[in-house]
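As structure tokens, the structure follows; a few thoughts come after it.
The values are calculated or read from the model by the stated rules, or taken from the named source; none is laboratory data. Note that this is a predicted model, so its numbers are computed, not measured. Cβ sites come from the backbone with ideal geometry, for glycine too, and all protein chains shown count toward neighbours. Accessible surface areas use protein heavy atoms only, side chains included; no ligands, DNA or RNA. Shrake-Rupley method; radii C 1.70, N 1.55, O 1.52, S 1.80 Å.
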Amino acid sequence: MRKIDLLQAPFLKEMVATTTNLYRLGWDERNGGNISYLLTEEEVLPFLDIQQVIRRIPMIFDATQLIGKYFIVTGSGKYFKNVIDDPAANLGVVRIASDGRTLELLWGLENDAVPTSELPSHLMSHIARLEVDPENRVIMHNHATHLLAMTFTHELDEKSFTRTLWQMCTECLVVFPDGVSIIPWIVPGTNEIGEATAAKMKEARLVMWPYHGVYGAGKDMDEVFGLIETAEKAAQVYTYVQAQGGVKQTITDENLWKLARAFKVEPRLGYLTE
Ligand code: 2HA
Ligand code: ZN
């Protein structure tokens, strides 16, 4: 069967639009940030001969739970700024091979490029999210500016960090009732940071990497982008509030409970006073 040019694929267009948008927002300077997007076989079949493996790429960890799964990913060392001009050099479609430790490259990552250096965190987070939400498909990492800044000025206690963000915009509790989790500072690109992130991903779809950036998870690109965008907006408001002299009054826990009831969301257990 004749294949359609992959540049026409809806998932490719979403990756290009999203990386371009994130670059414009200033959250992905240089090679900062990475995205992985789980694809179904039906989605890739019109565009790819799935028997045609271009290259095999070894991984430093075991992704047995994802054997046979397809992902489109951003490339290591690649700039989000450049994706729109050359998607095939900056993005790749890969499949997890039957040994769970090799990637089969099916498209893109031209000139011997490899997937994002944060692949351990991405694939471990996919595994963790799929256990609690079988619909999860996207993991996104970026350096959202105000959230990153807050990791220097706000205490790094998950409950307190979450409550501050919930109080900065009325919408926050509705968008991320599961809150924001935080890992310790760990060297990026390692299995260790992947394991720490994935452990947090079982409870919350947003995970802060102190002095570095944020991880988000969601069932589609809009959900994960919207999550990070909403938390980042709250962090921006927090920045202005601090600059204006600090909080004089805020959304009370009673208000937050009313919101939770009105929008039928369950705030993270123990984060609001009863
Ligand atoms: O890929 O953002 O965390 C560049 C990064 C590493
Ligand atoms: Zn980063």
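Of the listed requirements (1) open to solvent by 40 Å² or more (accessible area, probe 1.4 Å); (2) within 16 Å of ligand 2 (Cβ to nearest atom), Val73 misses just one: (1).
Being surrounded by fewer than 17 Cβ atoms within 10 Å (Cβ to Cβ) and in contact (Cβ under 8 Å) with a residue 12 or more places away in the chain is the requirement here; does Arg101 meet it? Here the answer is yes, as Arg101 does meet what is asked. Among the conditions (1) within 13 Å of ligand 1 (Cβ to nearest atom); (2) touching a Gly at 6+ places or on another chain (Cβ under 7 Å); (3) among the β-branched types (Val, Ile, Thr), the only one that Val214 does not satisfy is (2).
A single member of Lys202, Lys233, Lys258, Lys264 is open to solvent by 30 Å² or more (accessible area, probe 1.4 Å), within 20 Å of Thr19 (Cα to Cα) and away from ligand 2 (no atom under 16 Å from the Cβ), and it is Lys233. Summed over the stretch 124-164, residues that are closer than 30 Å to Leu39 by Cα, out of contact with any helix residue (DSSP H, G or I) (no Cβ under 6 Å at 6 or more places or on another chain) and either crowded, with 20+ Cβ neighbours inside 10 Å or modelled with pLDDT under 95 (or both) total 4. If you go through the stretch 165-199 and keep only what is open to solvent by less than 20 Å² (accessible area, probe 1.4 Å), within 23 Å of Ser121 (Cα to Cα) and either modelled with pLDDT under 95 or assigned to a helix (DSSP H, G or I) (or both), you end up with Ile193, Gly194, Thr197, Ala198. Among residues of the stretch 189-205 that are more than 13 Å from Arg129 (Cα to Cα), those with a beta-carbon under 7 Å from a residue that is within 16 Å of ligand 2 (Cβ to nearest atom) and charged (D, E, K, R) at least six positions away or on a different chain give the pairs Gly189/Glu118.
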